[in-house]
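S.K.: After the structure tokens below, expect a handful of questions from me.
Values in this text are rule-based calculations from the coordinates and carry no lab data. In this text, all values refer to a predicted model and were calculated from it rather than measured experimentally. Please note: Cβ atoms are built from the backbone with ideal geometry, for glycine as well, and neighbour counts cover all protein chains shown.
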Amino acid sequence: MPTPRKVRARGERSPLASVGLHLTLIVAAVIAVFPPLWLVVTSFKPKTDAFDTHLVKNFTLGNYTHVIKDTEFLTWLGNSLIVVGLTTVIGVFISATTGYAVSRFRFPGLRPLMWMLLITQMFPVAILIVPLYNLLAGLGLLNQPVGLVVTYLTVAVPFCAWMMKGYFDGIPVEIDEAGRVDGLNPFGTFWRLIMPLAKPGLAVTAFYTFITGWAEVAYASAFMTGEENLTLAGGLQSFVNQYTAEWGSLTAAAVLIAAPAAVVFGLVQRHLVSGLTAGATKS
């Protein structure tokens, strides 16, 4: 008598499928981890061992010492902190207030405003460099941190405002009504009642605006000239010229640049999933 065939429940995987899935995940994890790991390893190698396939035969901190003491790295760091700090604070405030306004109020031009926020995301950086350069030159903002801040806000605010709008849509309107009953004006309701409930969305907005300013290269290189005016991303290019590249210094500087971003990600990561999910599904 034939053995009855086992019927698996919906979503249940066979042992072979589970093995294949886990092998795929392991390979994907190795591919994802290898580049940053090799970057860190190379930063501790002497210049002559940059392309050595061994991990670290001759450990050295000379690359980090050279980057910090013999280059304008600390100046670039100061410039980046100013630009990124202003971009993050202003970007979060504008995105949150814009998202709240389009979520709660109905006013003439609402639909065109929402379309404008979407359409601005369609243009690649390469197309915008020339018009933005001419605009900043006309305003006298080239080689000025304020010019970069304005530029980064044009990148970060439209996306973040749309995302925050979706997040605010998920907060009950009854909370606003309760605030008005207690005598709060619209801004007071937003600041004292809604903002504390929107921490996941604000965390995503802060992280996105931070990364926009911290890791952006094209605008920083085009709008800022002279080593004393460069940000970290722009200064990183000084280690590569037409004929050669200082791989030790380049990797050491890259590690120093990536470390603050990793710290910020660690601080906000518990809010990222809920914030992104809410903004994506409710808008």
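S.K.: Plugging the Kirkwood radius over Cα pairs into Stokes-Einstein for segment 126-283, at a temperature of 20 °C and a viscosity of 1.002 mPa s, what D comes out in µm²/s?
M.R.: 117 µm²/s
S.K.: Going by C-beta contacts inside 10 Å, put Met122, Met163, Met116 in order with the fewest on the left.
M.R.: Ordered by Cβ neighbours within 10 Å, fewest first: Met122, Met116, Met163.
S.K.: Go through segment 46-106 and name the trypsin sites (Lys or Arg not before Pro) that are in a DSSP coil and have 11 or fewer other Cβ atoms within 10 Å of their Cβ.
M.R.: In loop regions of segment 46-106 (DSSP not H, G, I, E or B), the sparsely surrounded trypsin sites (Lys or Arg not before Pro) are Lys57, Arg106.
S.K.: Report the gain in length on full extension from Trp191 to Ile82: 0.36 nm times residue separation, minus Cα-Cα distance, nm rounded to one decimal.
M.R.: 36.7 nm
S.K.: State which helices in the chain qualify, where a helix is a whole DSSP H run, it must extend 30 Å or more along its own axis by its Cα atoms, and its mean Kyte-Doolittle hydropathy must be at least 0.0.
M.R.: 15-43, 73-104, 145-169, 247-282
S.K.: For segment 148-213, place one equal point scatterer on every Cα, skip the solvent, and apply the Debye formula. What is log10 of I(q)/I(0) at q = 0.17 Å⁻¹?
M.R.: Log-scaled intensity ratios, in q order: -0.66.
S.K.: How far apart, in nm, are the 7 Å Cα→Cβ label points at Trp38 and Val173?
M.R.: Distance between the two pseudo-spin positions: 5.5 nm.
S.K.: Kindly provide the Kirkwood hydrodynamic radius of segment 1-142 in Å, to one decimal, from all pairs of distinct alpha carbon atoms.
M.R.: It is 22.7 Å.
S.K.: Counting pairs of alpha carbon atoms under 8 Å apart in space and at least six apart in sequence, what relative contact order in percent does segment 34-190 give?
M.R.: So the answer I get is 27 percent.
S.K.: If I model a spin label at Leu110 and Asn241 as a point 7 Å from the Cα along the Cα→Cβ vector, what separation in nanometres do I get?
M.R.: 5.9 nm
S.K.: Another question, then. If you wrap a convex hull around the Cα atoms of the chain, how much volume per residue is inside, in Å³?
M.R.: 231 Å³
S.K.: On a full-extension model of 0.36 nm per residue, what is the gain between Leu16 and Ile68, subtracting their alpha-carbon distance, rounded to one decimal in nm?
M.R.: Length gained, Leu16 through Ile68: 13.5 nm.
S.K.: Compute the distance in nm between two label points, each set 7 Å from the Cα along the Cα-to-Cβ direction, one at Leu23 and one at Leu267.
M.R.: 4.4 nm
S.K.: Still on this structure, please answer the following. Would you compute the Debye intensity of segment 41-85 from its alpha-carbon atoms alone, equal scatterers and no solvent, and pass along log10 I(q)/I(0) at q = 0.16, 0.17, 0.18, 0.32 Å⁻¹ to two decimals?
M.R.: Debye intensities relative to I(0), on a log10 scale: -0.54, -0.58, -0.62, -1.04.
S.K.: Would you calculate a helix-derived [θ] at 222 nm for the chain, using -39,500 (n - 2.57) for each DSSP H run of n ≥ 4 and dividing by the full residue count, to the nearest 500?
M.R.: So the helix-based figure for the chain works out to -23000 deg cm²/dmol.
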